[in-house]
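Participant: Structure below; questions to follow.
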Amino acid sequence: LIIFTRKNGAYKQTDDQFLKIENNLIDNIGVIYRTFTLDETKIALATYEGIFILDHKLNAISHYNSNSGLRVDNVRIIFQDRSGIIWAGLDDGISKINENSKFKFYRLKSSKLYSRAKSMAVFDNYLYVATNIDLKKLVLDGTGKLQEKFIQIGKDKLNTQVWETFPFKDKLLIGSNKGIGKVDSAGNYQELINSKKIGRVFQIIESKIFKDHFLIRSKKGIFLINKLNF
């Protein structure tokens, strides 16, 4: 038996007594209003800070609040129907959450995207987005809020419009106003050919005629670039 208290964390029953469960996330939630077992394997917490979903070891695996789709943060009750849809009774209405849906919507503000997407690519299991002001990568935030957000890649090296993202072997090729660069699996950016030589790079294509080359469309024209030696 696990007991969740309103403001003093969670406890588990051991023989004839209850022991405090050490869990920083649960302890730091302002108010836990209700709990609900999901799919017999997860626990949902209705709180004044949204909905927290925990696994059977009480590790948090997701968090929903007003920044990620709920109307408000104040959640009073949770219910899961036979289809697996989570219904949340809020302070001002009802929201529903389909965790099985493969569709997600990343708002410009809450996801920290803040800019128009020009190109997208999946590299090393991360989504990279070329925008009109920089290059961004979608990651789980480091605040313990369990929300995905976009972080800037390259920073001062790539503070410009990025036009193209092209996965190639162990790197992600980047076409931007600064020329051609690459991102490695650690998310580090390195310039390969600067714009003084090649101009703004708009598009990268693998040539079907010259098998070992890329076709690069840039402001200065079309270039053939050796894949193995830029």
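The values are calculated or read from the model by the stated rules, or taken from the named source; none is laboratory data. These figures come from a predicted structure and were not determined experimentally. Positions of Cβ are backbone-derived with ideal geometry, glycine not excepted, and every protein chain shown enters the neighbour counts. Note: areas computed on protein heavy atoms with side chains; ligands, DNA, RNA excluded. Shrake-Rupley method; radii C 1.70, N 1.55, O 1.52, S 1.80 Å.
Participant: For region 199-224: of the residues being at pLDDT 95 or above and β-branched (Val, Ile, Thr), which is surrounded by the most Cβ atoms within 10 Å (Cβ to Cβ)?
Facilitator: Here the residue is Val201.
Participant: May I ask you to list the residues in region 150-167 that are farther than 25 Å from Lys109 by Cβ and either under 18 Å from the mean Cα position of the chain (by Cα) or modelled with pLDDT of 95 or more (or both)? Outline the logic, then answer.
Facilitator: Step one: filter region 150-167 for residues farther than 25 Å from Lys109 by Cβ, giving 157, 164, 166-167.
Scanning region 150-167 gives Glu164, Phe166, Pro167.
Participant: Determine which member of the set Lys102, Lys112 is buried (at least 17 other Cβ atoms within 10 Å of the Cβ) and part of a loop (DSSP other than H, G, I, E, B).
Facilitator: Criteria check complete, one pass: Lys112.
Participant: Identify the residue in region 58-83 that is charged (D, E, K, R) and at pLDDT 90 or above and, among all such residues, is surrounded by the fewest Cβ atoms within 10 Å (Cβ to Cβ).
Facilitator: In the first step, residues of region 58-83 are kept if they are charged (D, E, K, R); the result is 71, 73, 76, 81-82.
Those left that are additionally at pLDDT 90 or above: 73, 76, 81-82.
Details: Asp73: 17, Arg76: 13, Asp81: 9, Arg82: 5.
Only one residue tops the list, namely Arg82.
Participant: Residue pairs, Cβ under 6 Å, 6 or more apart or interchain, first in region 117-140 and over 19 Å from Val201 (Cβ atoms), second in a strand (DSSP E or B) and aromatic (Phe, Trp, Tyr). List them.
Facilitator: Note: pairs meeting the criteria are Lys137/Tyr126; Lys137/Tyr128; Leu138/Phe150.
Participant: Now for a separate question. If you scan region 1-57, which residues turn out to be more than 18 Å from Asp91 (Cβ to Cβ), open to solvent by less than 60 Å² (accessible area, probe 1.4 Å), hydrophobic (A, V, I, L, M, F, W, C) and not in a strand (DSSP E or B)?
Facilitator: Hits for region 1-57 are Leu25, Ile26.
Participant: Just for region 115-149: of the residues that are over 17 Å from Trp163 (Cα atoms) and at pLDDT 90 or above, which one is surrounded by the most Cβ atoms within 10 Å (Cβ to Cβ)?
Facilitator: First, pick out the residues of region 115-149 that are over 17 Å from Trp163 (Cα atoms): 124-126, 138-149.
Subsequent filtering for residues that are at pLDDT 90 or above retains 124-126, 138-139.
Values: Asp124: 15, Asn125: 6, Tyr126: 15, Leu138: 19, Val139: 14.
For region 115-149, the residue satisfying everything is Leu138.
Participant: For region 184-198: of the residues being without any contact (Cβ under 8 Å) to a residue 40 or more places away in the chain and small (Gly, Ala, Ser), which is least open to solvent (accessible area, probe 1.4 Å)? It would help to see each step written out before you state the result.
Facilitator: From region 184-198, those without any contact (Cβ under 8 Å) to a residue 40 or more places away in the chain are 184, 186, 188, 190-198; that's our starting set.
This time we only want the ones that are small (Gly, Ala, Ser), so: 186, 195.
Details: Ala186: 71, Ser195: 42 Å².
So the residue we want is Ser195.
Participant: Right, another one. State whether the residues of region 59-81 include one that is under 22 Å from the mean Cα position of the chain (by Cα) and more than 30 Å from Leu108 (Cβ to Cβ). Spell out the reasoning first.
Facilitator: As a first pass, look at region 59-81 and keep what is under 22 Å from the mean Cα position of the chain (by Cα): 59-73.
Still in the running and more than 30 Å from Leu108 (Cβ to Cβ): 59.
Yes, that holds for at least one residue.
Participant: Could you check, for region 161-183, whether at least one of its residues is open to solvent by 80 Å² or more (accessible area, probe 1.4 Å), farther than 30 Å from Asn28 by Cα and touching a residue at least 24 places away in the same chain (Cβ under 8 Å)?
Facilitator: First pass over region 161-183, keeping only residues open to solvent by 80 Å² or more (accessible area, probe 1.4 Å): 169-170.
Narrowing further to those that are farther than 30 Å from Asn28 by Cα: 169-170.
When the remaining residues are screened for being touching a residue at least 24 places away in the same chain (Cβ under 8 Å), the result is none.
Checked against the condition, which is being open to solvent by 80 Å² or more (accessible area, probe 1.4 Å), farther than 30 Å from Asn28 by Cα and touching a residue at least 24 places away in the same chain (Cβ under 8 Å), region 161-183 yields no hits at all.
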